[in-house]
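Visitor: Before I ask anything, here is the structure I am working with.
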Ligand code: AMP
């Protein structure tokens, strides 16, 4: 099992880029945000616990998240490449999870840091629309659907995530700076951090990441 992380602030394009990489490289995409939104939709125990934090733009407690990821990576974790989007988000999550990865003879092989200027992050988040049914991501001007309000892929209804409202966006960016940025040093020290400019058009960013993920570019 190879483990690749997509790190970066909200609005850096993690979800959109991950979707594009799945189509190009066959990586398996795991988004903790998507997993939590699904849990909330189903009204499961994890969903009920997570909902209040998510609405406020705060992080769901570390043990809940780590357990959820561990369960997913144990079920059917084969020899493929797993692309984790939005996890880990705190040093504590990284420590807890890396201990269990070690027990599976795995480790974080690469950690991409997607970077973009603050104003662009806010512009992307306020214009983001998400499909209620399949989770596909659009943007009112940058990636509009063919028909307003309708998902091109499944015909589902597009909605604005409650945490994509301006007040909550500010909070999420602040939480990122406080809780998640310290992780960057952690992965820099491990020698796996790769900084990627994600302010460019999506295609350019994806092409660069594909080059890193191609077999020839992999370390053994
Ligand atoms: P995202 O879709 O990645 O922007 O995540 C949406 C929300 O889900 C976040 O604002 C958090 O409330 C929660 N969340 C997602 N991933 C994590 C994580 N690794 N740790 C804690 N909370 C998370």
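Visitor: For a quick check: sort 198, 100 by the number of other beta carbons within 10 angstrom, fewest at the front.
Guide: Details: 198 29, 100 15.
If I rank by nearby Cβ atoms, fewest first, I get 100, 198.
Visitor: While we're looking at this one, here's another question. Can you give the helix-only mean residue ellipticity at 222 nm for the chain, where every DSSP H stretch with n ≥ 4 adds -39500 (n - 2.57) and the sum goes over all residues, rounded to the nearest 500 deg cm²/dmol?
Guide: Numbers: 9 runs with 100 residues, N = 220.
Dividing the helical sum by the residues of the chain leaves -14000 deg cm²/dmol.
Visitor: Take the Cα of residue 109, step 7 Å along the line toward its Cβ, and report every residue of the stretch 1-30 whose backbone nitrogen sits under 15 Å from that point.
Guide: Correct set: 1-6, 22, 25-30.
Visitor: Take 150, 17, 196 and order them by how many other Cβ atoms sit within 10 Å, fewest up front.
Guide: With the fewest neighbours first, 150, 17, 196 line up as 150, 196, 17.
Visitor: Can you give the extra length, in nm with one decimal, that the chain gains between residue 154 and residue 45 once fully stretched, where that is 0.36 nm per residue apart less the Cα-Cα distance?
Guide: Contour length minus Cα-Cα distance gives 36.4 nm.
Visitor: Calculate how large, on average over all directions, the projected area of the Cα convex hull of the chain is; give the answer in nm² to one decimal.
Guide: Details: hull surface 46.5 nm².
Answer in nm², one decimal: 11.6.
Visitor: When 87, 112 are ordered from fewest to most other Cβ atoms inside 10 Å of their Cβ, what list results?
Guide: Lowest count first: 87, 112.
Visitor: Does the stretch 107-146 classify as rounded, prolate or oblate by the C-alpha gyration tensor (a ≥ b ≥ c root eigenvalues; a/c under 1.5 gives rounded; else a/b over b/c gives prolate, otherwise oblate)? Could you put the intermediate results ahead of the total?
Guide: Working: a/c = 3.08, a/b = 1.39, b/c = 2.21.
Judged from the Cα gyration tensor, the stretch 107-146 comes out oblate (a/c at least 1.5, b/c at or above a/b).
The numbers here are math on the coordinates, done by the rules we state, and not lab data. Keep in mind the model is a prediction, meaning the values are calculated, not measured. Counting neighbours? That spans all protein chains shown, and the Cβs are built from the backbone with ideal geometry, glycine included.
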